Structure formats: structure tokens, C-alpha cells
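Undergrad: Right, I'll just put the structure down here and ask away after.
Any read-out appearing in this document is the output of simple, stated calculations on the displayed coordinates, not a laboratory observation. The structure presented is a predicted model; accordingly, all values stated were derived computationally and were not measured. Note: ideal-geometry Cβ built from the backbone for every residue, glycine included; neighbour counts use all protein chains shown.
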């Protein structure tokens with residue numbers, strides 16, 4: 001039987017080819033759905049929602065929608081959208097995109113149902129065409145993963161969510177006239193280039209990250225890792241949260257995700273030698289601020305783990321450990337989550353391997369799995385009508 005780490009390694013490797021395999025079919029499906037609802041003349045607001053990785057994917061792609069789809073877009077956690085925002089803001093001019101890889105998450109399904117009750121366009125994204133989300137959402141973007149790679153912290157499914165959203169945003173932008181057919185082709189070609197960078201980055205960084213972990217998880221190292229602060233901004237605020245989730249799922253390693261700016265107002269004060277600060281720093285709006293923050297980490301004697309493009313000498317000089325993105329220069333920030341997630345997935349995988357543990361530990365504690373699934377999948381779904389009746 002394959003180990004959790006071996007399965008996760010396969011998931012990471014499989015991501016690089018996914019866009020080329022699925023993009024055209026996904027894009028055409030998006031066009032078909034949006035044309036059916038006369039999206040150009042109807043949709044004025046987009047809400048992307050889900051829980052965990054699905055929600056983080058929405059954060060990562062929100063800015064892409066704002067630029068290329070040309071429509072107001074928000075990424076909201078499913079509970080927040082369903083119970084606190086949707087009853088008041090969502091209407092027939094809204095598009096609600098509900099994401100659940102399993103297709104069974106109760107709160108996400110609730111969003112799809114409530115969106116329909118408000119007369120909104122409701123689209124589900126999933127890898128399970130027979131789940132509750134598929135039943136709740138009138139229209140579905142579905143990717144059947146090419147092979148069953150086993151249960152491990154989700155990386156391939158996360159990539160599915162990102163790619164589906166890039167296709168949906170491109171289709172909406174095309175129909176709105178924000179981008180033309182050639183520009184859509186240019187987006188797809190650019191993501192194909194990023195796919196190659198994903199592959200090269202995974203190959204180049206894996207050994208580097210393994211050696212870092214062997215050093216900084218050693219018992220006799222005075223700077224042995226006690227905690228990670230993972231910092232990202234803009235699209236990569238979602239990547240930072242995704243990274244913390246993978247550290248938790250893969251190795252039971254609890255960490256803190258924070259915005260690059262907000263770190264200066266909060267986790268700066270708890271930074272110390274045993275706290276390793278991971279800074280996700282693509283070239284873009286937060287790059288200069290990231291360099292400033294790295295100087296502040298030094299003041300607090302923290303360790304600086306920096307992810308940036310391989311030719312970024314400023315970042316390299318500022319880092320204690322520099323983890324390079326290989327194969328592309330000046331990656332557009334709105335596309336960067338696709339490749340910047342790769343080193344963080346490898347970090348979680350190698351920590352799990354080094355510590356010899358799984359964050360899930362469902363095999364040894366089936367009652368933990370049972371309660372976890374009850375909370376996520378078995379929670380009561382409340383429609384807007386039922387909520388009104390309860391009052």
C-alpha cells in the first residue's frame with residue numbers, strides 16, 4: 001500500500017498537465033452555461049464560495065475575474081455567504097459559484113440552494129457528479145480526475161478548482177466583451193507556459209526543501225521549527241491559507257496564515273528564532289512590501305523562507321532559505337497562485353515524510369474521521385424558506 005507521502009507526490013506531479021488536458025472542454029462548457037442565462041446582459045456581481053481549499057481558490061482567482069471578466073467579484077466563505085450575505089445581496093443579476101471537490105460539503109451545497117431561491121445563476125464546481133452539490137446546482141463544471149491517486153491532502157483537486165475558475169472568468173470576459181477570442185487564446189497559452197514552470201519547480205525544489213527540513217527539524221538545531229507564519233497578499237493571500245491547510249492535513253502541523261501587511265500589525269510580535277516566516281513574493285503589487293517585511297523578520301531573529309522567481313536577487317539576498325520558481329520570468333501576479341502553491345505543497349509533503357505522521361490519522365482513529373465527516377457533510381442544510389419559517 002502506498003504511503004500518504006507517495007500519494008501526495010503523485011497528486012503534485014499530476015497538476016502540471018491538467019490545464020492542457022481539460023481547458024478547452026471546460027471553457028466551452030462555461031460559454032454554453034453563461035449564454036443560456038444571457039450573462040452579458042444579466043450578471044452584475046459574482047460570488048465565489050466554498051470551504052477550505054475551495055474558498056482559497058476563490059480568493060486566488062478573484063482579481064483575475066475583476067480584470068478579465070470585468071464584473072464585481074467577491075470570494076466568500078460558504079457559511080458567511082449563505083447565512084449572512086446571500087439573503088440580502090444576491091439577486092437575479094448575481095452569479096454564485098459554489099465549489100466542493102467532494103460534492104458533499106453541506107454549507108457549500110446550502111449556498112447553491114439558496115442562490116437558486118434568490119433567482120441567481122448558480123453554478124457548481126466539483127469532481128463528483130453524483131454528490132449533493134450536483135443535485136443542488138442547476139449547472140455544473142465537472143472534471144473527472146484521470147486516475148484515482150488515493151486519499152491525501154488535496155492538491156490535484158485544488159488545481160481543478162483554480163483551472164475551472166480561470167476558464168469561467170475567461171468565458172464571462174469574452175461574453176462581456178472585456179477580452180476577445182485572441183486574448184482568451186493568449187490566456188490559455190500563458191497558463192500552459194506556467195504548467196511547464198510548475199513541472200520544473202516541483203523537480204528543482206523537492207530536494208532543496210527536503211534538505212531544509214532535515215536541517216531545521218533536527219532535535220539539536222537551536223532554530224528548530226516550532227511554528228510557521230505563512231504570508232501572502234492579493235491572489236496569494238489564498239495561497240498562504242492553502243499552505244497552512246496542507247501543513248495541517250499532511251503533517252498535523254498547526255501554522256498561521258497572514259497577509260503581508262497585517263503581519264506587521266500582529267505576528268511580528270510573536271516572531272522569534274523558532275518561528276519560520278514563509279513569504280510568498282511574486283513580482284507584483286506586494287513585492288516591495290514583502291522585502292520590507294523580511295527586514296522586520298530579521299529584527300525579531302526569525303528565520304526567513306522566501307518563495308520567488310529564480311532571478312530575483314533582492315529576494316535571494318533577503319532570505320535565509322530561498323525557494324525558487326523555475327522556468328518563467330515576470331509571472332503575472334493574477335496567474336501566480338498556480339505555480340506558487342507548488343513549493344508549499346512540497347514543504348507539507350516532506351514535513352509529513354520526515355516526521356512520519358499524517359494530519360488525518362483516520363486509519364488509527366476512525367471515530368475522528370466519523371465526527372469530521374459528520375461536521376462537514378452531515379450538517380443540516382437550511383433553505384431561506386426554512387430560515388424564514390423558523391423566525
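Undergrad: Determine, for each peptide in 113-121, 80-88, the mean count of other beta carbons within 10 angstrom over its residues, then list the peptides with the highest first. Show your work: numbers first, answer last.
TA: Working: 113-121: 20.4, 80-88: 18.2.
Per-residue Cβ counts within 10 Å, averaged per peptide and sorted highest first, yield 113-121, 80-88.
Undergrad: Which order, highest average first, do 39-45, 301-307 follow once you tally other Cβ atoms within 10 Å for each residue and take the mean per peptide? List each step's numbers first, then the result.
TA: On the way: 39-45: 15.4, 301-307: 23.1.
Output ranking for 39-45, 301-307: 301-307, 39-45.
Undergrad: Something else: Output the 0 to 90 degree angle, nearest 10, between the alpha-carbon long axis of helix 4-14 and the longest principal axis computed from the alpha carbons of the chain.
TA: 60
Undergrad: Would you mind giving the average projected area, over all directions, of the Cα convex hull of region 38-106 in nm² with one decimal?
TA: On the way: hull surface 19.1 nm².
So the mean shadow area of the Cα hull is 4.8 nm².
Undergrad: Take the alpha carbon gyration tensor of region 225-288, find the square roots of its eigenvalues, order them as a ≥ b ≥ c, and report rounded if a/c is under 1.5; if not, report prolate when a/b exceeds b/c, else oblate. Write out the running numbers ahead of the final one.
TA: Working: a/c = 2.18, a/b = 1.25, b/c = 1.75.
It is oblate, given that a/c is not under 1.5 and a/b is not larger than b/c.
Undergrad: What is the diffusion coefficient of region 124-244 in µm²/s, taking the Kirkwood radius over Cα pairs and the Stokes-Einstein relation at 4 °C with a viscosity of 1.567 mPa s?
TA: Values: Rh = 18.0 Å.
In µm²/s, the coefficient is 72.
Undergrad: With springs only between Cα atoms under 10 Å apart, run a GNM on the chain and tell me which of 133, 163, 31 wobbles the most.
TA: Maximum among the listed residues: 31.
Undergrad: Here is a further query. Give the shape of region 197-355 as rounded, prolate or oblate, defined through the alpha-carbon gyration tensor: a ≥ b ≥ c are the square roots of its eigenvalues, a/c under 1.5 means rounded, and otherwise the shape is prolate if a/b is larger than b/c and oblate if not. Show your work: numbers first, answer last.
TA: Numbers: a/c = 1.44, a/b = 1.11, b/c = 1.30.
Rounded.
Undergrad: OK, next. For the chain, list log₁₀ I(q)/I(0) at each q in 0.07, 0.12, 0.14 Å⁻¹, using the Debye formula over Cα point scatterers of equal strength and ignoring solvent, two decimals each.
TA: -0.31, -0.93, -1.24
Undergrad: A further question follows. Return an integer: the convex hull volume of the alpha-carbon atoms of region 9-165, in Å³ per residue.
TA: Numbers: hull volume 15.9 nm³, N = 157.
Here the figure is 101 Å³ per residue.
Undergrad: Taking Cα atoms, how many degrees apart are the long axis of helix 366-377 and the longest axis of the chain, rounded to 10 and kept between 0 and 90?
TA: Helix 366-377 sits at roughly 40 degrees to that axis.
Undergrad: Could you tell me the center-to-center distance, by alpha carbons, between region 42-63 and region 298-331 in angstrom?
TA: Spelled out, the Cα-based centre of one part sits 29 Å from the other.
Undergrad: Could you work out how far helix 18-36 tilts from the main Cα principal axis of the chain, as a 0 to 90 degree angle to the nearest 10?
TA: The angle comes out near 30 degrees.
Undergrad: R0 = 35 Å: FRET efficiency of residue 329 with residue 296, Cβ-based, nearest 0.05? Show your work: numbers first, answer last.
TA: On the way: r = 28 Å, r/R0 = 0.79.
Computed FRET efficiency for residue 329 and residue 296: 0.80.
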